[in-house]
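Q: Before I ask anything, here is the structure I am working with.
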Amino acid sequence: MEWYSILPPIIAIVVVFWRKEVILALILAIFTAEALLAYRNGSEFIFSGIIGSIERVIEIASSAGNARILIFSMLIGALLAYIRNSGGVTATVEMLINKGVAKSKRQVGLLTMFTGIVVFIESNLSVLASGILSRGLYDKFKMSRARLAYVIDSTSAPVCILILLNGWGAFVLGLLSNYELEESPVSILWGTIPFNFYAIIALLIVTYTIVTDRVHGPMREAEREMQQNNDVSLPIPPSKARFMLIPLGTMIFGMIGFMLWTGDGDIAAGSGSKSVLYATVLACMVAYFLLISAKKYTHKELVDEGFKGMGEILPLVTIVLFSLTLGGSLKELGTGIFVANLVGDYLPLSLIVPVLFLAGGIMSFTTGTSWGTFAILIPIGVPLIQTLGLPPSLVLAAILGGGVFGDHCSPISDTTAVSSIASGCDLLTHVRTQMPYALFGGALAFIAYFIAGLIML
């Protein structure tokens with residue numbers, strides 16, 4: 001693949017950090033990718049780039065899986081509006097404090113992390129459940145939303161890639177099943193757990209920040225700004241905790257049920273996009289009927305509140321759409337394959353594993369997708385296992401960890417946007433405050449893979 005395939009994500013990332021405009025950055029990157037595709041095909045690149053960009057957005061939005069992601073993201077706005085304006089969030093905060101479950105910053109952080117770990121079925125659900133539950137608690141204890149976004153984002157994907165009884169595990173197993181290996185795909189996948197250094201390190205760093213109540217770098221600035229804000233009162237008077245807890249519980253258990261249903265009884269084979277959408281719709285319906293039956297709102301008022309909530313979240317949903325679109329354009333352009341080829345054929349044996357981790361990180365960072373990274377790098381890594389006799393679980397763990405690492409750093413990742421939605425944090429603030437932790441964890445993981453390569457190869 002041509003070198004210029006790397007230009008669109010570079011443009012996106014530069015514009016994001018230069019102009020602080022995510023949507024503009026994504027639009028320019030999509031146009032650049034489509035213009036380069038037109039140039040490759042011998043077409044007039046400016047006009048064709050514009051038309052191609054429009055058609056790419058339509059293509060992505062019309063995909064069933066992507067449409068579900070966009071719709072559930074919008075509905076989350078309505079659900080958040082219902083539970084917030086009903087006083088359910090305030091009541092839940094007071095209940096948790098009164099019961100001694102969340103009476104300190106440490107307990108609040110541990111509760112958030114615990115919720116994210118327990119809900120390991122799907123990363124978006126993990127983020128949403130822990131983010132929605134903890135928003136009010138973080139405000140009450142004057143902890144920044146950036147800190148909340150970091151905790152839920154750096155808990156969800158690492159947990160999902162370590163506890164593999166979910167769609168993540170099923171996806172990777174599907175990729176591995178195309179190859180004949182000495183070990184079964186299941187045993188190779190389970191063998192990745194102790195070698196998934198980035199995921200383990202990321203969870204340890206999150207635990208450290210919670211237990212010690214210490215934050216560093218840009219996160220410290222966000223915390224300082226929060227501390228200087230004297231208004232810690234929750235704006236909505238408390239009502240009943242059930243207005244929050246019942247819809248939230250419905251979403252969590254509904255997700256599990258729909259994963260079983262869509263997977264014909266096998267939760268790992270279930271559809272994550274279908275399940276999270278169905279669960280969110282069900283949660284919205286439950287919240288609606290709870291508020292109607294309690295006579296807190298009329299039907300018209302609830303409809304208005306729902307649309308207001310969706311309107312508040314529309315900019316982030318737009319970012320999700322354009323992130324998915326850019327991913328589609330970059331796949332067509334071959335950006336991922338170009339980055340993967342940077343691994344090269346002449347590396348020393350001991351460097352192959354750490355370089356695969358680094359390539360996965362770069363690829364995920366520039367394309368905004370960890371699953372896309374897995375899909376490209378696993379077909380590259382498995383032949384290396386077969387021809388060079390590399391440890392299968394170590395190689396696979398490096399690829400998986402690299403994908404999660406790059407996704408944690410990327411401002412064009414849809415997962416990053418969903419974490420911002422769940423926490424109520426500005427997207428760029430989340431990226432800026434999380435990146436130092438992710439880079440530190442990535443550096444430690446790279447060293448760990450280098451050492452493992454020296455010992456095992």
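Q: Inspect all residues belonging to the range 53-75 and state whether any of them is within 23 Å of the chain's Cα centre (by Cα), farther than 20 Å from THR367 by Cβ and at pLDDT below 85.
A: yes
Q: What is the residue count in the range 17-59 for residues that are within 20 Å of LEU427 (Cβ to Cβ) and surrounded by fewer than 22 Cβ atoms within 10 Å (Cβ to Cβ)?
A: Residues that pass the stated criteria total 10.
Q: Tell me which of these ALA61 doesn't satisfy, since it passes every other one: (1) under 28 Å from GLU223 (Cα atoms); (2) in a helix (DSSP H, G or I).
A: (1)
Q: Looking only at residues in the range 334-351 that are surrounded by fewer than 24 Cβ atoms within 10 Å (Cβ to Cβ) and of a type in the set (A, V, I, L, M, F, W, C), which one is modelled with the highest pLDDT?
A: LEU351
Q: Hey, does the range 133-154 have a residue that's on the phi < 0 side of the Ramachandran plot, at pLDDT below 85 and in a loop (DSSP other than H, G, I, E, B)?
A: No, every residue in the range 133-154 fails to be on the phi < 0 side of the Ramachandran plot, at pLDDT below 85 and in a loop (DSSP other than H, G, I, E, B).
Q: Right, another one. Please work out which residue is nearest to ARG242 (Cα to Cα), limiting yourself to the range 78-90 and to residues that are touching a Ser or Thr at 6+ places or on another chain (Cβ under 8 Å) and buried (at least 23 other Cβ atoms within 10 Å of the Cβ).
A: GLY88
Q: What residue, of LEU96, LEU75, is over 17 Å from ARG242 (Cα atoms) and assigned to a helix (DSSP H, G or I)?
A: LEU75
Q: Report yes if some residue within the range 92-101 is in contact (Cβ under 8 Å) with a residue 40 or more places away in the chain and either acidic (Asp, Glu) or closer than 16 Å to SER420 by Cβ (or both); otherwise report no.
A: Looking through the range 92-101, at least one residue is in contact (Cβ under 8 Å) with a residue 40 or more places away in the chain and either acidic (Asp, Glu) or closer than 16 Å to SER420 by Cβ (or both).
Q: To continue, here is another question. What are the residue pairs meeting all of these: first residue in the range 282-294, first residue in contact (Cβ under 8 Å) with a residue 60 or more places away in the chain and closer than 17 Å to GLY77 by Cα, second residue outside any helix (DSSP H, G or I) and aromatic (Phe, Trp, Tyr), Cβ atoms under 6 Å, and 6 or more apart or on different chains?
A: Short answer, once both residue conditions are applied: LEU291/TYR297.
Q: Separate question: Residues that are free of Cβ contacts under 8 Å to residues at least 40 places away in the same chain and over 18 Å from the mean Cα position of the chain (by Cα), at least 1 per element: which helices (runs of 4 or more DSSP H) completely within the range 390-457 meet that?
A: 427-456
Q: Determine, yes or no, whether TYR208 is under 24 Å from ARG145 (Cβ atoms) and hydroxyl-bearing (Ser, Thr, Tyr).
A: Judged against the criteria, TYR208 is a match.
Q: Scanning the range 162-221 for residues that are in a loop (DSSP other than H, G, I, E, B) and among the hydroxyl-bearing types (Ser, Thr, Tyr), which turns out surrounded by the most Cβ atoms within 10 Å (Cβ to Cβ)?
A: Within the range 162-221, the match that is surrounded by the most Cβ atoms within 10 Å (Cβ to Cβ) is THR192.
Q: Condition check: touching a Lys or Arg at 6+ places or on another chain (Cβ under 7 Å), among the β-branched types (Val, Ile, Thr) and either modelled with pLDDT of 90 or more or more than 22 Å from VAL431 (Cβ to Cβ) (or both). Does VAL206 satisfy that?
A: no
The values are calculated or read from the model by the stated rules, or taken from the named source; none is laboratory data. What you see is a predicted model; the values in this text were computed from it and never measured. With ideal geometry, Cβ positions are generated from the backbone for all residues, glycine too; neighbour counts draw on all protein chains shown.
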